[in-house]
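The values are calculated or read from the model by the stated rules, or taken from the named source; none is laboratory data. Bear in mind that the values here come from a model prediction, so they are computed numbers and not experimental data. Cβ atoms come from the backbone with ideal geometry, glycine included; neighbour counts cover every protein chain shown. Protein only, heavy atoms only, side chains kept; ligands, DNA and RNA dropped before computing areas. Shrake-Rupley method; radii C 1.70, N 1.55, O 1.52, S 1.80 Å.
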Amino acid sequence: MAEISVLTVAPRKGDLPFTPYSHIYLSSHSTDDSGRILMSPQLMNDREIDETINQLIEQLEKVRKKTKKELQKKKLQLHESLQK
């Protein structure tokens, strides 16, 4: 099954200041013979569909919280470094 992750980018020491930002991306996935990105295994019944969708939603909710937390932290760090 696909895994969803977050990448937060912020200025590093020596970089010009810029507003930190985040990307949400698929950190793990499978592809089929046509190259399509698959976000689930084969789903053959309602229960499998519901469980898979619920797992994806759960991952997205975790990434939502993590992204907001990381972005807030990076913005605070940038603000503090500009105050010096």
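Looking at the structure I just gave you, is residue 57 surrounded by 11 or more Cβ atoms within 10 Å (Cβ to Cβ) and among the hydrophobic types (A, V, I, L, M, F, W, C)?
no
Just name the residue that is nearest to the chain's Cα centre (by Cα) out of those in the stretch 16-41 that are open to solvent by 40 Å² or more (accessible area, probe 1.4 Å) and within 17 Å of residue 71 (Cα to Cα).
Here the answer is 24.
From 13, 75, 65, grab the single residue that is without any contact (Cβ under 8 Å) to a residue 24 or more places away in the chain, in a helix (DSSP H, G or I) and open to solvent by 60 Å² or more (accessible area, probe 1.4 Å).
65
Please pick out the residue among 57, 4 that is outside any helix (DSSP H, G or I) and out of contact with any Lys or Arg (no Cβ under 7 Å at 6 or more places or on another chain).
Result of the check over 57, 4: 4.
How many residues, within the stretch 6-56, are more than 27 Å from residue 81 (Cα to Cα) and in contact with a Phe, Trp or Tyr (Cβ under 6 Å, 6 or more places away or on another chain)?
So the answer is 0.
Is it true that residue 73 is within 15 Å of the chain's Cα centre (by Cα) and basic (Lys, Arg)?
no
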